Amino acid sequence: MDALLPPAPPVMDRAIHLLYVPTLCCNLSCSYCYLGRQTTEAALRVDAQRAVQTLRHTLDALQAAGVLAFNVSLHGGEVTTLPEPVLDALFGLIRAHYLRHFDELNALGHKKSAPHIKTNLYKFAPFYALFDRHKVSISASIDLPLALHARHRTTRGGTDGLPRTLDNLRLLARYPHAKKISATLSSEHLQDVPALVADIWFIHRELGFDMNQFNLMFAFGSELNRAAKGDATLTPATPAQQQALYQALTAAFMGTELEEGLRRHWFDEFKPSYCTNAFNCGERFYLLQSDGSVYSCVRGQGLEAFRYGNVFEAPILDILDNGARKIRQVHQQQGLDGACQSCSHLSACHTGCPVVKHQNQSGRSYTCGLQKMIYADNPRSFPADPPVDQRDYADHYIREMHPSLALARPRPPLIKQLMLPQELGEDKNTLSALIAADATLQTLFSDTAFILELADETLALTSQLFKPQRTQHTLVRGDRTVLHLQRAVLLAHCPEPIRNTLYLQLLRDTPVVYGDEQRTKQEHIFTYQLYAHCLQPSARFGADYVQLDLGELLALHRAHYQRGVLNNLFVTTLFLREYHYQKQKNNAFYHVQTANLPFQNFEFHYLP
């Protein structure tokens, strides 16, 4: 069977989102288009000749550099202006990319297997069979209210494209693969919100498209748009209009079959998971053009401030690093708004999209008021940071994004309340150096020693001291929960293996205070030991591993689990635990850095 699988790709150290613009050519002339004259000046024939080779070259270069494109989406211009053979080849290349990196993508939680395009739908019908064959995911762009679609989305010759768009929306409703609709709104679009609401229902009920799969965007001031359109440029929606729209849509659709879309998808662009709220989008989001130029995104196309380089002229990693540098520079040029610095949602918003900040010459997100309304309506999804956490995060943000401001800030008076030896900062005394110099500590902290099997998935357990962030799981009684450990771990620092045990400690995140230092710690629920010779051979990992089924042990203590309270299971062996405490007695530098339990752990909620 192994011979049927493709050869394993090289290990990828970094994952990015790649937007590919195979052509800037477009068959429509939208009043608010931020690409300006680029869509009319594009050479379609040249783009068609080089589109496939540019994407292939870039994917190969990314792979060689250890960078995985976890999402490859086609954008424009208008993708469907390209000839069908070119689109067919692009779709095939993207599908092959996803299949080649299936395991890596799956491990990162990405389920991509089909291409995705952004399209104005004008040529959807002629390409329907091609899209269907490749299972292409469709994002269709329209204007709402629909009357403005007829006014602002004309063809190059000035023809009203609405009748064809409505026919294609009916066709899209029957399309069997992933699809959604998006609409970009200016101030003019929000002059008649009742008509906008009515057209959402019209598309949903009359045309048959599920408008839960819908998202909104707002037009923004664009220097390229102003240069191309002049007086025809549409005015961006004001913050008051944005918020009034949100309130109107909430009133109109809460309690209806479109409530899920309203709450989950429609305003996604303004939530923390979207690229516009990234700490530094230049570290992860990139747009590639068929000429090899790399920009920040569709918003930054054609702007020198957001051009990162060219894949035919510079190494991939240099281009990516330049992106992060340029985005940081843009944020710094706009400064840090005082309201952002003290905002309890700074850790979610990061002051907004740098391209729009650059276009608006503003240090604050252009949808700040709208975002705060969304956060307030969903406090569990978007909780405000407590004052102490807010100050800590603001300090972190300023240090990383605005270092010159950090230098200019007055420093608090130095009060030495905690005395630590200067040697603690020496390289040889760091925890990683201490582990590297001690074979037993290497086993104690190993990230391959213990593997937890959860249903059909496996999770390599690591020490909480080395986790960049907490990972939480949810268990219910009956879930397959099996701990596998390497046999060699039971021999580490153990003169008599017959005396060794697997050592488990379960703690609960209900703080208690005890001990000479009166520290606040997690409350202990149980300590459990099972002698080594009682462990069963691993049914999943072969002769080098043994296992213990934790299901009934965890279920036995279910009366002690509290809803909403995290449980923390630590695993080690008796002799490794004893070695840890002996090492703390013998080495002060180790003791200071392992004041919290260093053993591999697993955090979970347990539902009745």
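Scanning the range 141-177 for residues that are modelled with pLDDT under 95 and among the small types (Gly, Ala, Ser) turns up 141, 147, 150, 157, 158, 161.
Residues of the range 241-256 that are open to solvent by 30 Å² or more (accessible area, probe 1.4 Å), in contact (Cβ under 8 Å) with a residue 12 or more places away in the chain and not hydroxyl-bearing (Ser, Thr, Tyr): 241, 243, 244, 247, 248, 252. Please count how many residues of the range 275-313 are within 21 Å of residue 218 (Cβ to Cβ) and of a type in the set (Ser, Thr, Tyr). Here the count works out to 3. For beta carbons closer than 8 Å, sequence separation of 6+ or different chains, a first residue in the range 75-90 that is under 10 Å from residue 44 (Cβ atoms) and open to solvent by 40 Å² or more (accessible area, probe 1.4 Å) and a second that is at pLDDT below 95 and small (Gly, Ala, Ser), the qualifying pairs are 83/48. When restricted to residues that are surrounded by 17 or more Cβ atoms within 10 Å (Cβ to Cβ) and in contact (Cβ under 8 Å) with a residue 40 or more places away in the chain, the range 335-350 contains 10.
A search for C-beta distances below 7 Å between a residue of the range 287-310 that is within 17 Å of residue 118 (Cα to Cα) and hydrophobic (A, V, I, L, M, F, W, C) and any residue that is part of a helix (DSSP H, G or I) and open to solvent by less than 10 Å² (accessible area, probe 1.4 Å), counting only pairs 6+ apart in sequence or on different chains, returns 288/58; 297/355.
Of the residues making up the range 476-533, those that are over 23 Å from residue 575 (Cα atoms) and small (Gly, Ala, Ser) are 478, 515.
Here's the yes/no breakdown for (1) hydroxyl-bearing (Ser, Thr, Tyr); (2) touching a helix residue (DSSP H, G or I) at 6+ places or on another chain (Cβ under 6 Å); (3) at negative phi; (4) open to solvent by less than 20 Å² (accessible area, probe 1.4 Å):
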residue	(1), (2), (3), (4)
193	no, yes, yes, no
196	no, no, yes, yes
207	no, yes, yes, yes
216	no, no, yes, yes
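Residue count for the range 153-189 under the criterion of being surrounded by fewer than 20 Cβ atoms within 10 Å (Cβ to Cβ) and assigned to a helix (DSSP H, G or I): the result is 10.
The rows are residues; the columns are (1) touching a Gly at 6+ places or on another chain (Cβ under 8 Å); (2) modelled with pLDDT of 95 or more; (3) in a helix (DSSP H, G or I).
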site: 204; (1), (2), (3): no, yes, yes
site: 230; (1), (2), (3): no, no, yes
site: 237; (1), (2), (3): no, no, no
site: 243; (1), (2), (3): yes, yes, yes
site: 250; (1), (2), (3): no, yes, yes
site: 266; (1), (2), (3): no, yes, no
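Of the residues making up the range 266-284, just one is of a type outside the set (Lys, Arg), open to solvent by 50 Å² or more (accessible area, probe 1.4 Å) and over 21 Å from residue 383 (Cβ atoms), namely 283. Looking across the range 487-521 at every residue that is more than 30 Å from residue 543 (Cα to Cα) and not in a strand (DSSP E or B), the one that is most open to solvent (accessible area, probe 1.4 Å) is identified as 516. For the range 449-481, a tally of residues being over 23 Å from the mean Cα position of the chain (by Cα) and open to solvent by 70 Å² or more (accessible area, probe 1.4 Å) returns 4. Restricting the range 289-321 to residues that are among the polar types (S, T, N, Q) and assigned to a loop (DSSP other than H, G, I, E, B), the residue that is surrounded by the fewest Cβ atoms within 10 Å (Cβ to Cβ) is 290. All conditions but one from (1) in a strand (DSSP E or B); (2) farther than 28 Å from residue 323 by Cα; (3) of a type in the set (Phe, Trp, Tyr) apply to residue 286; the one that does not is (2). Tallying residues that are open to solvent by 70 Å² or more (accessible area, probe 1.4 Å) and either of a type in the set (Phe, Trp, Tyr) or part of a loop (DSSP other than H, G, I, E, B) (or both) within the range 432-447 yields 2.
Please work out if residue 226 is modelled with pLDDT of 95 or more and part of a helix (DSSP H, G or I). Judged against the criteria, residue 226 is not a match.
Before we move on, is residue 262 more than 25 Å from residue 336 (Cβ to Cβ), touching a residue at least 12 places away in the same chain (Cβ under 8 Å), open to solvent by less than 60 Å² (accessible area, probe 1.4 Å) and not charged (D, E, K, R)? For residue 262, the condition - more than 25 Å from residue 336 (Cβ to Cβ), touching a residue at least 12 places away in the same chain (Cβ under 8 Å), open to solvent by less than 60 Å² (accessible area, probe 1.4 Å) and not charged (D, E, K, R) - is met. Take residue 187 and tell me if it is among the hydroxyl-bearing types (Ser, Thr, Tyr), under 31 Å from the mean Cα position of the chain (by Cα), more than 30 Å from residue 93 (Cβ to Cβ) and modelled with pLDDT of 90 or more. Yes. I want to confirm something. Restricting to the range 127-150 and keeping residues that are without any contact (Cβ under 8 Å) to a residue 24 or more places away in the chain and of a type outside the set (Gly, Ala, Ser), which single residue is surrounded by the most Cβ atoms within 10 Å (Cβ to Cβ)? Only one residue tops the list, namely 149. Residue 99 meets all of the listed conditions (1) closer than 20 Å to residue 48 by Cα; (2) open to solvent by 50 Å² or more (accessible area, probe 1.4 Å); (3) of a type outside the set (D, E, K, R) but one, namely (1).
The values are calculated or read from the model by the stated rules, or taken from the named source; none is laboratory data. Just so it is clear, the model here is predicted, and its values are computed rather than measured. Ideal geometry is used to build each Cβ from the backbone, glycine not excepted, and the neighbour counts take in all protein chains shown. In case anyone asks, the SASA skips ligands and DNA or RNA and just uses the protein heavy atoms, side chains included. Shrake-Rupley method; radii C 1.70, N 1.55, O 1.52, S 1.80 Å.
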